[in-house]
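Presented below is the structure to which this report refers.
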Amino acid sequence: MSSLVIAVDGTSGSGKSSTSRGVADRLGLRYLDTGAMYRAMTWWMLEHAVDVHDASAVAARVDQPLIESGTDPLAPSISLDGEDVAEAIRSDVVNAHVSPVATVPEVRANLIALQRSVIRQALEDGVGIVVEGRDIGTAVWPDADLKLYVTADPAARAARRALEEGGTDADAVRASLETRDRIDATRGGLAVPVGATHLDTTPYSLDEVIDQVVALAERAR
Ligand code: C5P
């Protein structure tokens, strides 16, 4: 599976993160969570009192944060200016502000360049990588060997996210997911990549979805 790039796009709570990590682990590939990078950028802006609804204020500071992503699928990590922010970036305040930050073109250009450098490094090291996000198969790496578009029905997505977030109210989680989906969709960032396989994970267990993707990856090799 060396030098295989798998692009996994889809909505939050669709199961794409657990699937991506599980597939990377099974196939001995690296893993990159691009959503965590947008979250880290948002956290930095909030910490530095930048008005995240002012696109030019965000654009002016975009080069300042140092965002580093670990690529071990069993221990994904993200640091900001050398500090571990894995927990902080999952907070409600980041959930509420990440979509507007992610719509700023300078943010996207900056993070896409960073994401491409992580992918290039993996390929140079002779290791493949699973990259998950919203625009991997369309913008970040359209030449990926395998492209997936992962969805699940809204109630299943909210229930999964609520569980991940430690038993938060599923209705509140659903409302927050739907708001983010709406902003993400209007920006045009989340689209089905050309040549992508659509996976609706609603009826399947995580292991079943991982099995399906591993089978697709074997064929894409
Ligand atoms: O995947 P996750 O839910 O952590 O992503 C958080 C947010 O980051 C998304 O709602 C979206 O606004 C943004 N995002 C993006 N492009 C990506 C990954 C995430 O715009 N490739």
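The values are calculated or read from the model by the stated rules, or taken from the named source; none is laboratory data. Model, not experiment: these values are computed from the prediction. A quick note on method: Cβ atoms are made from the backbone with ideal geometry, for glycine too, and the neighbour counts reach across all protein chains shown.
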Could you look through the range 104-124, keep only residues that are closer than 15 Å to Leu4 by Cβ and either part of a loop (DSSP other than H, G, I, E, B) or of a type in the set (D, E, K, R) (or both), and pick out the one that is nearest to the ligand (Cβ to nearest atom)?
Arg120
With criteria (1) assigned to a loop (DSSP other than H, G, I, E, B); (2) modelled with pLDDT of 95 or more; (3) within 13 Å of the ligand (Cβ to nearest atom), Pro76 comes up short on (2)
From Ala158, Ala191, Ala185, Ala175, residue being closer than 19 Å to Ser99 by Cβ and outside any helix (DSSP H, G or I)
Ala191
Between a residue in the range 84-103 that is more than 11 Å from the ligand (Cβ to nearest atom) and any residue that is small (Gly, Ala, Ser) and assigned to a strand (DSSP E or B), which pairs come within a Cβ distance under 8 Å, given they are 6 or more apart or on different chains?
Val85/Ser79
Which residues, counting only those in the range 4-32, are assigned to a loop (DSSP other than H, G, I, E, B) and either within 14 Å of Leu148 (Cβ to Cβ) or more than 12 Å from the ligand (Cβ to nearest atom) (or both)?
Leu4, Thr11, Ser14, Gly15, Gly28, Leu29
Please determine, by comparing only the residues of the range 6-24 that are in contact with a strand residue (DSSP E or B) (Cβ under 8 Å, 6 or more places away or on another chain) and surrounded by fewer than 24 Cβ atoms within 10 Å (Cβ to Cβ), which one is farthest from Arg219 (Cα to Cα).
Thr11
Can you tell me which residues in the range 47-64 are surrounded by fewer than 18 Cβ atoms within 10 Å (Cβ to Cβ), out of contact with any Pro (no Cβ under 7 Å at 6 or more places or on another chain) and in contact (Cβ under 8 Å) with a residue 24 or more places away in the chain?
Ala55, Ala59, Asp63
Name the single residue, out of those in the range 33-58 being within 28 Å of Ala170 (Cα to Cα) and of a type in the set (S, T, N, Q), that is farthest from the ligand (Cβ to nearest atom).
Thr42
Quick one: Asp200 ticks every box in (1) of a type outside the set (A, V, I, L, M, F, W, C); (2) more than 16 Å from Asn95 (Cα to Cα); (3) within 12 Å of the ligand (Cβ to nearest atom) except a single one, so which number is it?
(3)
Are any residues in the range 125-164 under 13 Å from Ser12 (Cα atoms), surrounded by fewer than 17 Cβ atoms within 10 Å (Cβ to Cβ) and either within 13 Å of the ligand (Cβ to nearest atom) or touching a residue at least 24 places away in the same chain (Cβ under 8 Å) (or both), and if so, which ones?
Asp153, Pro154, Glu164
What number of residues within the range 70-115 satisfy the criterion of being of a type in the set (S, T, N, Q) and surrounded by fewer than 19 Cβ atoms within 10 Å (Cβ to Cβ)?
5
